[in-house]
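Just so it is clear, none of the values below were taken in a lab; they were calculated from the coordinates. Remember, predicted model here, so these are calculated numbers, not experimental data. Note that we place each Cβ from the backbone using ideal geometry, even for glycine, and neighbour counts take in every protein chain shown.
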Number of protein chains: 2
Amino acid sequence: MAVSMDDDVPLILTLDDSASGASAPLGDLGREELPNENGGSYDVINDASSPAAGDCCAQQSSAPHSWEMNYQEAAIYLQEGENNDKFFTHPKNAKALAAYLFAHNHLFYLMELSTALLLLLLSLCEAPAVPMLRLGIFVHATLELFALIVVVFELSMKMRWLGFQTFIRHKRTMVKTCVLVVQFIEAIVVLVRQTSHVRITRALRCIFLVDCRYCGAVRRNLRQIFQSLPPFIDILLLLLFFMVIFAILGFYLFSPNHSDPYFNTLENSLVNLFVLLTTSNFPDVMMPSYARNPWSCVFFIVYLSIELYFIMNLLLAVVFDTFNDIEKRKFKSLLLHKRTAIQHAYRLLITKQRPSGISFKHFEGLLRFYKPRMCARERYLTFKALNQSNTPLVSLKDFYNFYEVVGLKWKAKRNREHWFDDLPRTAFLIFKGINILVNSRAFQYTMYTVVAVNGIWILVETFMLQGGNFFSRNVPWSYIVFLTIYGVELLLKTTGLGPVEYLSSGWNLFDFSVTLFAFLGLMALAFNMEPFYFIVVLRPLQLLRLFKLKKRYRNVLDTMFELFPRMASLGLTLLIFYYCFAIVGMEFFAGMVYPNCCNTSTVADSYRWVNHTVGNRTVVEEGYYYLNNFDNILNSFVTLFELTVVNDWYIIMEGVTSQTTHWSRLYFMIFYIVTMVVMTIIVAFILDAFVFRMNYTRKNQDSEEDNGIVLEKEISKEEVVGIIELYKRSSAATETAQLQKMVLQMDKYGQMSTLFLGHRSRTKSDLRMKMYEEEIQ
Amino acid sequence: MAVSMDDDVPLILTLDDSASGASAPLGDLGREELPNENGGSYDVINDASSPAAGDCCAQQSSAPHSWEMNYQEAAIYLQEGENNDKFFTHPKNAKALAAYLFAHNHLFYLMELSTALLLLLLSLCEAPAVPMLRLGIFVHATLELFALIVVVFELSMKMRWLGFQTFIRHKRTMVKTCVLVVQFIEAIVVLVRQTSHVRITRALRCIFLVDCRYCGAVRRNLRQIFQSLPPFIDILLLLLFFMVIFAILGFYLFSPNHSDPYFNTLENSLVNLFVLLTTSNFPDVMMPSYARNPWSCVFFIVYLSIELYFIMNLLLAVVFDTFNDIEKRKFKSLLLHKRTAIQHAYRLLITKQRPSGISFKHFEGLLRFYKPRMCARERYLTFKALNQSNTPLVSLKDFYNFYEVVGLKWKAKRNREHWFDDLPRTAFLIFKGINILVNSRAFQYTMYTVVAVNGIWILVETFMLQGGNFFSRNVPWSYIVFLTIYGVELLLKTTGLGPVEYLSSGWNLFDFSVTLFAFLGLMALAFNMEPFYFIVVLRPLQLLRLFKLKKRYRNVLDTMFELFPRMASLGLTLLIFYYCFAIVGMEFFAGMVYPNCCNTSTVADSYRWVNHTVGNRTVVEEGYYYLNNFDNILNSFVTLFELTVVNDWYIIMEGVTSQTTHWSRLYFMIFYIVTMVVMTIIVAFILDAFVFRMNYTRKNQDSEEDNGIVLEKEISKEEVVGIIELYKRSSAATETAQLQKMVLQMDKYGQMSTLFLGHRSRTKSDLRMKMYEEEIQ
């Protein structure tokens, strides 16, 4: 083995000819330590005769080459650990690696995403199109074909990376392939026939979006929803069972009353009790029988108590519990997966000579692939932060903290307390005064009072307007006064704290942007533009500052921000369901509902649009429900949102049913159940997140308000010089220059060492780690 | 000290002249061991010159007398511990004890309850009375006065027991007294004026019910509701804050649209957004603006997403969390309270000679007061179950289990496996066969199939009826067939298992009663009575048997039964709120709503009742909402239930508002918020209970299906003889006779000892004990 620069040789070689020899003396860190046997390294699978191996790293010489490959594979392992990719999709040879690298970068991801979005957005222009965006059949079919071909290309890259065997075994990819084939055939059929047929399969287009790398969270949500389904369905059956019993009973009890249209047949009885479950038709469904016999209300009270107040809550309890359990198990398995990934990476980075840990040189090599944007200083700091022992090597135990440490942002610790410490005496005193003022409680509470007065002012002002001429172009003087106060506060705070410190707090940032926008609004108003709504929106927003006052609100808002990504992904999941139902709805119900469409149904009033004359006035009777239609995808989305909110949804259902068959009800009922599932899970999620947070706060009541995770590390001048030497040897010019600048700076201030602070905000995973500490061990 | 029968003297004497001497040598079990200093015993407070002491136990001689008093006080302590009564209300002297005993028995409790109920029920007959129950003013005012005088009597008894100082300090009692005074004055005013004035204070009558001994659970619920309020109100303010912001915004955005009646003034804007929060007016409130500009839906979607889907869930989370926390803390403090009570009781039962434990004699004396119905055998078994050591004394540590053990039901363990073991050979074989058949899986599943077929049959049959002549007097043959099958099943099971074992299972009991009722229904039908509904109700109930099939359902139903008492108390709490609001509603809104009352309001349609002719047909347009009124207390309850369900509640609100002032809306909004609190707490409670249960099941997955708590104890013949001796000495004839019978039975079977099984069902407290095991220690 030709060792060129160092005396170190990897314990395991990747894609290198000498591999078979090197992997023999595994010794103390043998394979048996690694639980996942799938994730071998290239040396096992790779046959020596793969000329493609050099493609991606041909510029390297032979001995460092092997290290470069090891770095890369270790980085891939760590990425897989982070993204929760299973190791059986790990690239198995050089050809696969090339495809893997091609398919794993943001350019490729963006292509994936944009193709999926293009396919989804096509439904804006297809057959029941949004009027403004209507495209010819030829145009949109061609666009579709183009997008599908791009998907084919993506899939072929994936096949190249996974190999045919794994490709077949990977369920999601297989489903995607099948959908692709169907879509392809249909698109061609449309092109040939030059007319669109009933294409419900368009609803499956969401699969392309779900499969995107960026939609990992959506996939997780969907998985969690499906995992929560079995217990959910059990309770749903209970619900339906009681519904059937009550439907039979209601039919027997109320059908003799001929003025009661709700229970005249068993089907009506069932449908109306289903609607009653959503309370949508509540007092109405009871009224005809109640008018006849007041005691009939008992039937409805018992039904609602059992179904709505008991079983529906039970449903929530079951989902909440399952959800909680899944979250816990998921967290544990994720932790285990990350550890396995770290083990794999570790094995690739230790040398034959020193198998007890990773030296900085190899760690730096790993980071070059894992986080190419990291600068040399940060790499060293990360290494130091990981290294708990005094040896120059990072042991496996230390390396387990990799994911926690690698996210830290490093900053040199300032010796100066305030930004104005270096200014001349007089200026210093002035700024110091402002600083004290700004930090004082009195100032804070004065500002709160101003905001509160402002709030009341706005309320009173709006109340006095009462449909008057509020479109006057005069800027109200109160607006200018309050804005001035806010401006002065902003100035004081910026000067007192220094702009950097001022903007580092989220709340200050919020203050700043609201004031800025309000000022912009004022400018626009002064120049006679149309920004009226803009200002109206912004003025009450100032009131949000009041939330700083109370700890609970700060907690709530913090949790809200923490939840936001997850909430967004849940929202997206809901939108995907919406999309499927919107497509199906459009295919079947487009153009069915229009003014005066449903005069024969029981909900005729809501769809009536009459223009009749009473005396000498023209009275327009307008039932607006014809607007809740499936005529294009945007309308469908609004209609589906209304169905989600549930109130009066039966009017939409009955309207459509009266124009089609009574099987249409199935669509609406299934939609209700699906949204119920998703909504229950959203509720369970919010519940879980907040209860978790509150428990956490209660457990750590005595500890300080946490500002995320902070780590302190000191680097001495000698260390920096040492690293410079290292980089010089591997002729990395930029890194060397960076570090030399650092040395110069240290010389300038006459310091022998610099203190760095590593900082990152606390994630849910950190919190969980702390909460489940005992259970995990 | 004159010791008559035993050599033992109580360590602490109660109400005895020799007390001051006896309490001196406290030694190893001094007062410092007892955390609650309030609960001293009588000897401390009692002055020797109280002749009333003898009143309740005059028949006892002097030395046993002191023991009897000790037993009684120990029993009182234990009762206080069980009922979570604070020790500062502990009777302090003999006079107080007499009053305490008078006020603490079921007769007194029943009087309390019935007076409270009478007062509450009076509102059925007062001013806006239920037509059938209307009483003259003179009659109901006299009744009221009578009930109030009874309450005065109750309170005076309580004062006698508590003493004036404690009486004043006891908040609940003070509130009750104040309300009583007000009610008294008002009742007299009504009697004098012979006409009822606006008596909103009648709403306070519920306090008499809440204060009843039997309504302890309701009091606990109310306390828990009030404890959950502060965080609830915080989030509510957040909710209202966003509502105000959106109301201002909505007013600016939509009031230029003159066809939009929902946002034309700021007040309307606010009210409609409040209603929108309940989704009651959902698509309607959006429609006028949506018709003008489709993008205005964004306003509503954002509003609903923030308010309904986020903050409302947050509210649930906060309540759930607070509730959970309170439950945990309550459980702990209750446990502590019970322990203190046990310590107090223990101190009264040990003797000066043997201060290390309680002997059976004294334990028996305690039980005579604590559980007078317990027979001698059970007392001894309880003693044995408590006694973990081999000494004849129960130590304090053992005595801590008192509450868990005293609830056990003891039964001699049978040696016979089946009831037919003693029958002759042939009969035995036949019954054994039936037994095997009945216990076989095949038989079980056959029955499930029969039930399922029955269910489908009923469904199909009802579906075929379709408004036909289902009032025919012929009994359908299917009914007879299925009933026969169920009858045969019942017979087989009863004979196979023996009637006692058969009925000991809740499910069998259920089967039995359903079948029995169905049979009774058939009989009634045969004799041409009117039990049709009766049968209709019962037939689908058979389907409930199917729930046995799945473990989850069994769990759900078990939990439901466990929850039932708590649910009932929560329901009662809700009813108390209903009552208050019903009274206020009746005082202000009675008679306000009638057909065609609200033709000027926006909800006129719902109240319209027209009888007009179209062509040659008479069309009755019936808006039934006038039925949702406050004309009497029953109607008010139904109306309030409709308001609780929330759907279309604004129609009721607007109807009433149009007839009164717009301040009436306040009533409805406050009611909504109050029910929201109570409902959220009910939801939180159900969630908590089920999640707890499911967690418990998960934790104890491997353990057997639990059949409650079972304890096994053996009693030998010598022991029984020993106890008989003891009873003979204290000349307790009935106990001696009982035990002698037992000895005779043991002689008959030639046994030297009998094995007894103590059994009770597991309560939530047991479960909690097991779940919080670590935390409690």
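Separation of the alpha carbons by more than 21 angstrom is noted, of A:384/A:411; A:328/A:764; B:171/B:332; B:330/B:371; B:330/B:409, for B:171/B:332; B:330/B:371; B:330/B:409. Relative to the longest principal axis of the Cα atoms of chain A, helix A:425-439 runs at roughly 40 degrees.
Please work out whether chain B counts as rounded, prolate or oblate from its C-alpha gyration tensor, where a ≥ b ≥ c are the square roots of the eigenvalues and a/c under 1.5 means rounded, while otherwise a/b larger than b/c means prolate and anything else oblate?
Oblate, because a/c is 1.5 or more while a/b does not exceed b/c.
Please work out whether the stretch B:558-700 counts as rounded, prolate or oblate from its C-alpha gyration tensor, where a ≥ b ≥ c are the square roots of the eigenvalues and a/c under 1.5 means rounded, while otherwise a/b larger than b/c means prolate and anything else oblate?
Numbers: a/c = 3.12, a/b = 2.14, b/c = 1.45.
Verdict is prolate for the stretch B:558-700.
How large, in Å, is the stretch A:222-308 by the Kirkwood hydrodynamic radius built from its alpha-carbon pairs?
One decimal place: 13.7 Å for the Kirkwood radius.
Each label was represented as a point 7 Å from its Cα along the Cα-to-Cβ direction; for residue B:178 and residue B:193 these points are 2.3 nm apart. Residues whose amide H lies under 5 Å from that of residue A:609, counting only those 5 or more places away or on a different chain, are A:596, A:623; hydrogens are built 1.01 Å from N in the peptide plane. Placing +1 on the Cβ of every Lys and Arg and -1 on the Cβ of every Asp and Glu, with nothing else charged, gives the protein assembly as shown a dipole about its Cα centre of roughly 760 debye.
All other residues whose Cβ lies under 14 angstrom from that of residue B:440 are scored, Lys and Arg at +1 and Asp and Glu at -1, for a net of +2.
For the stretch B:124-213, the dipole from Cβ point charges (+1 on Lys and Arg, -1 on Asp and Glu) about the Cα centre works out to 320 debye, to the nearest 20.
Rounded to the nearest 10 degrees, the angle from helix A:360-370 to the longest Cα principal axis of chain A is 30 degrees.
Each Lys and Arg adds +1 at its Cβ and each Asp and Glu adds -1 at its Cβ; summed about the Cα centre, chain A shows a dipole of about 1120 debye.
Only lysines eight or more places from residue A:728 in sequence, or on another chain, were considered; those with a Cα closer than 19 Å are A:361, A:717, A:741. Excluding residue A:610 itself, what net charge comes from residues whose Cβ is under 11 Å from its Cβ, given Lys and Arg +1 and Asp and Glu -1? Result for the neighbourhood of residue A:610: -2.
For the stretch B:558-700, the residue among B:683, B:618, B:591 whose Cα projects farthest onto the positive side of the dipole built from Cβ charges is B:683.
Between A:659, A:752, A:460, the Cα set farthest toward the positive side of the dipole of the protein assembly as shown (charges on each charged residue's Cβ, about the Cα centre) is that of A:752.
Size descriptors for the protein assembly as shown (Cα atoms only): Rg and Dmax, in that order, 39.8, 117 Å. So what is the 222 nm mean residue ellipticity for chain A from helices alone, if each DSSP H run of at least 4 adds -39500 (n - 2.57) and you divide by all residues, rounding to the nearest 500 deg cm²/dmol? Dividing the helical sum by the residues of chain A leaves -21000 deg cm²/dmol.
For the stretch B:324-425, applying the loop criterion from DSSP together with a ceiling of 12 other beta carbons within 10 Å to the trypsin sites (Lys or Arg not before Pro) yields B:373, B:413, B:414, B:416. By the compact-protein rule of thumb, 2.2 N^0.38 Å, the alpha-carbon radius of gyration of the stretch A:105-213 corresponds to a ratio of 1.10.
Shape class for the stretch B:274-316: oblate, because the ratio a/c of the largest to smallest gyration tensor axis (alpha-carbon atoms, square roots of eigenvalues) is 1.5 or more and b/c is at least a/b. Applying the Karplus relation 6.51 cos²θ - 1.76 cosθ + 1.60 with θ = phi - 60° to the stretch B:325-337 yields 3J(HN,Hα) values of 5, 4, 4, 5, 5, 4, 4, 5, 5, 5, 4, 5, 4 Hz, where x marks Gly and Pro. Sequence-ordered 3J(HN,Hα) estimates for the stretch A:675-689 from the Karplus curve with 6.51, -1.76 and 1.60 and θ = phi - 60° stand at 5, 4, 4, 5, 5, 4, 5, 4, 4, 4, 5, 4, 3, 4, 4 Hz, glycine and proline given as x. Think of chain B as a dipole: +1 on every Lys or Arg Cβ, -1 on every Asp or Glu Cβ, centred on the Cα centre; then among B:109, B:438, B:293, B:438 lies furthest on the positive end. Coupling constants for the stretch A:395-407 follow from the phi torsions by the Karplus curve (6.51 cos²θ - 1.76 cosθ + 1.60, θ = phi - 60°), and in residue order they are 7, 4, 4, 5, 5, 4, 7, 3, 5, 6, 8, 5, x Hz; glycine and proline get x.
Net charge around residue A:667, counting only other residues with Cβ within less than 15 Å of its Cβ (Lys, Arg = +1; Asp, Glu = -1)?
On the way: positive: A:665; negative: A:587, A:642, A:654.
Net of charged neighbours comes to -2.
Neighbouring Cβ atoms within 10 Å as the yardstick, rank A:262, A:594 fewest first.
Ranking A:262, A:594 by Cβ neighbours within 10 Å, fewest first, gives A:594, A:262.
Just to confirm the filter: which trypsin sites (Lys or Arg not before Pro) across the stretch B:85-143 are DSSP coil and have at most 15 other Cβ within 10 angstrom of their Cβ? Don't skip to the answer; put the middle values down first.
On the way: sites: B:86, B:92, B:95, B:134; in loops: B:86, B:92, B:134.
Passing both the DSSP loop test and the Cβ count: B:86, B:134.
Here's how it looks for residue B:350: its modeled amide H is under 5 Å from those of B:11, which are all 5 or more places away or on a different chain.
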